[in-house]
Amino acid sequence: MLWDIDFSSLQLVTNEIEQEGGEVHPYRCNVCKSEEVYITARRVQEEVGDITMLFNNAGIVTGRKLLSCSDEEIIRTFDVNSLSHFWVRQFHTYIELT
């Protein structure tokens, strides 16, 4: 299962995995938006089944020192590099409550 906000990148990786004989389930998802994560997690559970292992590799880099970045860049960095990991992990709680 792969999640990515960028559909074209998602398709490229999906194609590479399938060309090597692997099975992949791609989903477009913005992991910075908790509600989108929860909705995608529900789809995954319904279409693929329970998740038994998770590798969350979401991350971005501006290439500059954090305090040299704009407010928007700092917020985006924390959204992707920190908060998104909580939203992805939190989906178990969301599914149990709904």
Flag if S34 is over 14 Å from F91 (Cβ atoms) and of a type in the set (S, T, Y)
no
All conditions in (1) surrounded by 10 or more Cβ atoms within 10 Å (Cβ to Cβ); (2) hydroxyl-bearing (S, T, Y); (3) part of a helix (DSSP H, G or I) are true of S8 except (1)
Search region 11-25 for residues being in a loop (DSSP other than H, G, I, E, B) and touching a residue at least 12 places away in the same chain (Cβ under 8 Å), and hand back the single one that is most open to solvent (accessible area, probe 1.4 Å).
H25
Only one residue in T40, T62 is more than 14 Å from V88 (Cα to Cα) and either under 12 Å from the mean Cα position of the chain (by Cα) or free of Cβ contacts under 8 Å to residues at least 40 places away in the same chain (or both). Which one?
T62
Give region 26-50 a look and list any residue that's assigned to a loop (DSSP other than H, G, I, E, B) and either within 27 Å of R76 (Cβ to Cβ) or basic (K, R) (or both), or say none.
C29, N30, V31, C32, K33
Do we have R28 as within 20 Å of M1 (Cα to Cα), open to solvent by 70 Å² or more (accessible area, probe 1.4 Å) and touching a helix residue (DSSP H, G or I) at 6+ places or on another chain (Cβ under 7 Å) here?
yes
Could you check, for region 39-59, whether at least one of its residues is of a type in the set (V, I, T), open to solvent by less than 100 Å² (accessible area, probe 1.4 Å) and in contact with a helix residue (DSSP H, G or I) (Cβ under 6 Å, 6 or more places away or on another chain)?
no
Counting only residues that are among the aliphatic types (A, V, I, L, M) and open to solvent by less than 100 Å² (accessible area, probe 1.4 Å), which one in region 60-74 is nearest to L2 (Cα to Cα)?
I60
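The values are calculated or read from the model by the stated rules, or taken from the named source; none is laboratory data. Given the structure is predicted, the values throughout are model-derived calculations rather than measurements. FYI the Cβ positions are ideal-geometry reconstructions off the backbone, even for glycines, and counts take in every protein chain you see. SASA here: full protein model, heavy atoms, side chains in, ligands and nucleic acids out. Shrake-Rupley method; radii C 1.70, N 1.55, O 1.52, S 1.80 Å.
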